[in-house]
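Novice: I'd like to ask you about the structure that follows.
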Amino acid sequence: MKTFSYCFLLLLLFSFSCKKQKQQTSHKRPNIVFIMSDDHAYQAISAYNDKLIQTPSIDRIAKEGMLFTNASVTNSICAPSRAVILTGKHSHINGKIDNLSPFDTTNVTFPQLLQKAGYQTAMFGKLHFGNNPKGFDEFKILPGQGDYYNPKFITQKGDTTITGYVTDIITDLTLDWMKNRRDSVKPFLLMYLHKAPHRTWMPAKRHYTEFTKKTYPVPETLFDDYQTRGIAAKTAEMGILDHMLLQYDLKIPKNALEYLNIEERLGAGGVNLLNPEQKKAWDAVYDPIADDLKNTYTRMGDSLLTLWKYQRYMQDYLGTIAAVDENVGRLLDYLDQENLSENTMVIYTSDQGFYLGEHGWFDKRFMYEESFKTPLLIKWPNVITPGTTEDEMVQNLDFAQTFLEAAGADLPKDMQGKSLLPLLRGEKEKWDRDAVYYHYYEYPAEHTVKRHYGIATKEYKLIHFYYDVDEWELYDRKKDPQEVNNVFEDPEYTSVVDEMKQKLREVREKYQDSDSLSNGYIELYKQKGWIEK
Ligand code: SGN
Ligand code: CA
């Protein structure tokens, strides 16, 4: 009897210590706050460039952590980028090649794996998948692109419409979850996903006046003539002069267009969704802008009109970012107040980069620098040395493995990225990537950017445009960071072309991409009737 009680006591003690150990390890696992905005160009974050806007809250993440100066996406468009982030697999493997078809939910995503590993998971804001996210204890997401004002949300309890401004509302929903439904025993994954600064760039009322009065420096390549470039750059429909609309994009009301005898293919877009009170505040600021245009439009040639449109574009685009920055500040402050910052990895990124007038453009899609490169700032106290800059080539493909490894969860063998943990820890010698791969598919489609794939090293970028064209471009990233000189045909670069083509073949093999897969995706467009058979 005595031996029995002794054994029983030992067993009890053992199970108690195991439980305690488990609690301690789970306590040590970091919370992950993944902040992503939509179309936020690195040029519009003051940690990268302080000529356009000050973003003190976003910059705080770099000050307290790491600023990545060479982060890129694998396919510069919204839903595909999100699919790459969630699956850790390139578009040709996860199947979400464009914005058009729904995400294949048989893909395994990192939130599902974190949830299985004991994380509490929540998502608020823009997903843009055509279906709901898997692996989340709670989500409140915008349908499709979502609206700036009085947005609708899809929730687990049905749809709901909330009066107000989208960036503030997404943050309110996030903080409400943090304050009222967060399980303090479990580590958490929070995906906090802004719609801003996506087209059609509608700022919050508190920013109308300040931003519409500003004038911005003009990018050197605003009047690019694409002289050395191929057909793709010349035929893309994302020019500020030719494709940015006065009413839909730049908020000039219909009566002003009628006065000027201008007809456009789209109407007032998001402005139609303002309620009477919101519309009154809007008109008070935007009507005088239209009056100004009425007086000057007929005297403007193409150059002046381009400059006018560029300024109008920047005012609204950057105005939406002011609210993103303030709201990121609200969230960071909350983490600080609740003593959560210490054990939380905070990531700020965008689903891709964006053109702010460079090459005369808005939008993204190309593997050219401004849309290929994406902002990335990460803080994680006790792991990342504050104020570090990292220039290694990392991609949105790497997030899934980074988060799983940070959480101590198993890494699926078929994920294609690389955990960023060595870089975050400052162990650069453990990082050996020398090239990154890119593949864009959505063509023919809005903005008419041709299908292309390519490879970038720190020195060069090689791009192949295909489908209804067969053209190659090579850029010397060090000598020509603005990418205005395609040197593919330049005899001085013959050996570089050979090396880069060889590297491209190797990388395509490594990631299992091929012409036959590309042709399969073209067939898919034919089957859907999006291109002629
Ligand atoms: C919308 C925009 C496009 C934009 C795509 C993709 N047009 O279709 O300008 O390229 O989204 O953006 S709009 O008339 O709806 O504003 S993405 O970020 O979702 O990929
Ligand atoms: Ca986007």
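The values are calculated or read from the model by the stated rules, or taken from the named source; none is laboratory data. Everything quoted here is computed from the prediction, not taken from an experiment. Neighbour counts run over all protein chains shown; Cβ positions are idealised from the backbone, glycine included. Areas reflect the complete protein model, heavy atoms only, side chains present, ligands, DNA and RNA absent. Shrake-Rupley method; radii C 1.70, N 1.55, O 1.52, S 1.80 Å.
Novice: Can we say Gly135 is more than 21 Å from the chain's Cα centre (by Cα), free of Cβ contacts under 8 Å to residues at least 40 places away in the same chain and open to solvent by 10 Å² or more (accessible area, probe 1.4 Å)?
Specialist: So Gly135 fails the test.
Novice: Of all residues in the range 44-82, which are hydrophobic (A, V, I, L, M, F, W, C) and either closer than 18 Å to Glu369 by Cβ or within 16 Å of ligand 1 (Cβ to nearest atom) (or both)?
Specialist: Ala44, Ile45, Ala47, Leu52, Leu67, Phe68, Ala71, Val73, Ile77, Cys78, Ala79, listed by residue number.
Novice: Same structure, new question: How many residues, within the range 138-169, are within 21 Å of Arg199 (Cα to Cα), of a type in the set (Asp, Glu) and either more than 16 Å from ligand 2 (Cβ to nearest atom) or exposed (fewer than 14 other Cβ atoms within 10 Å of the Cβ) (or both)?
Specialist: 1
Novice: So how many residues does the range 177-209 have that are more than 24 Å from the chain's Cα centre (by Cα) and of a type outside the set (Gly, Ala, Ser)?
Specialist: The number of residues fulfilling the criteria is 12.
Novice: Right, here's the next one. Given the criteria in contact (Cβ under 8 Å) with a residue 60 or more places away in the chain and either away from ligand 1 (no atom under 16 Å from the Cβ) or of a type in the set (Val, Ile, Thr) (or both), does Asn396 qualify? Write out each step before concluding.
Specialist: Numbers: in contact (Cβ under 8 Å) with a residue 60 or more places away in the chain: yes; either away from ligand 1 (no atom under 16 Å from the Cβ) or of a type in the set (Val, Ile, Thr) (or both): no.
Answer is no for this residue.
Novice: So, one more: Let me spell it out: the conditions are (1) closer than 22 Å to Ala79 by Cα; (2) out of contact with any Gly (no Cβ under 6 Å at 6 or more places or on another chain); (3) open to solvent by 10 Å² or more (accessible area, probe 1.4 Å), and Asn396 meets all of them except one. Which number is the exception?
Specialist: For Asn396, the exception is condition (3).
Novice: Can you say whether Val449 is surrounded by fewer than 17 Cβ atoms within 10 Å (Cβ to Cβ) and in contact (Cβ under 8 Å) with a residue 24 or more places away in the chain, as far as the supplied structure shows?
Specialist: Considered against the rule, which asks whether it is surrounded by fewer than 17 Cβ atoms within 10 Å (Cβ to Cβ) and in contact (Cβ under 8 Å) with a residue 24 or more places away in the chain, Val449 comes out as no.
Novice: Which of the strands (runs of 3 or more DSSP E) contained wholly in the range 373-444 include at least 3 residues that are of a type outside the set (Phe, Trp, Tyr), at pLDDT 95 or above and in contact with a strand residue (DSSP E or B) (Cβ under 9 Å, 6 or more places away or on another chain)?
Specialist: Here the list reads 376-379, 388-390.
Novice: Please enumerate the residues belonging to the range 260-286 that are over 23 Å from Val166 (Cβ atoms) and of a type outside the set (S, T, N, Q).
Specialist: Leu260, Ile262, Glu263, Glu264, Arg265
Novice: So which residues in the range 342-372 are within 16 Å of ligand 1 (Cβ to nearest atom), polar (S, T, N, Q) and outside any loop (DSSP other than H, G, I, E, B), if there are any at all?
Specialist: Listed by number, the residues that qualify are Thr349, Ser350, Ser371.
Novice: With respect to the numbered conditions (1) within 16 Å of Lys213 (Cβ to Cβ); (2) surrounded by 12 or more Cβ atoms within 10 Å (Cβ to Cβ); (3) away from ligand 1 (no atom under 16 Å from the Cβ), which one is the sole condition not fulfilled by Leu304?
Specialist: Of the numbered conditions (1) within 16 Å of Lys213 (Cβ to Cβ); (2) surrounded by 12 or more Cβ atoms within 10 Å (Cβ to Cβ); (3) away from ligand 1 (no atom under 16 Å from the Cβ), the odd one out for Leu304 is (1).
Novice: Residues in the range 508-529: is at least one open to solvent by less than 20 Å² (accessible area, probe 1.4 Å) and not in a helix (DSSP H, G or I)?
Specialist: Looking through the range 508-529, at least one residue is open to solvent by less than 20 Å² (accessible area, probe 1.4 Å) and not in a helix (DSSP H, G or I).
Novice: From the set of residues in the range 328-359 that are open to solvent by less than 10 Å² (accessible area, probe 1.4 Å) and of a type in the set (Gly, Ala, Ser), which is farthest from ligand 2 (Cβ to nearest atom)?
Specialist: Filtering first and then ranking leaves Gly329.
Novice: When you scan the range 96-112, how many residues do you find that are crowded, with 24+ Cβ neighbours inside 10 Å and more than 16 Å from Gly135 (Cα to Cα)?
Specialist: 2
Novice: Lys478 fails exactly one of the following numbered conditions: (1) in a loop (DSSP other than H, G, I, E, B); (2) under 26 Å from Asn99 (Cβ atoms). What is the number of that condition?
Specialist: Single failed check for Lys478: (2).
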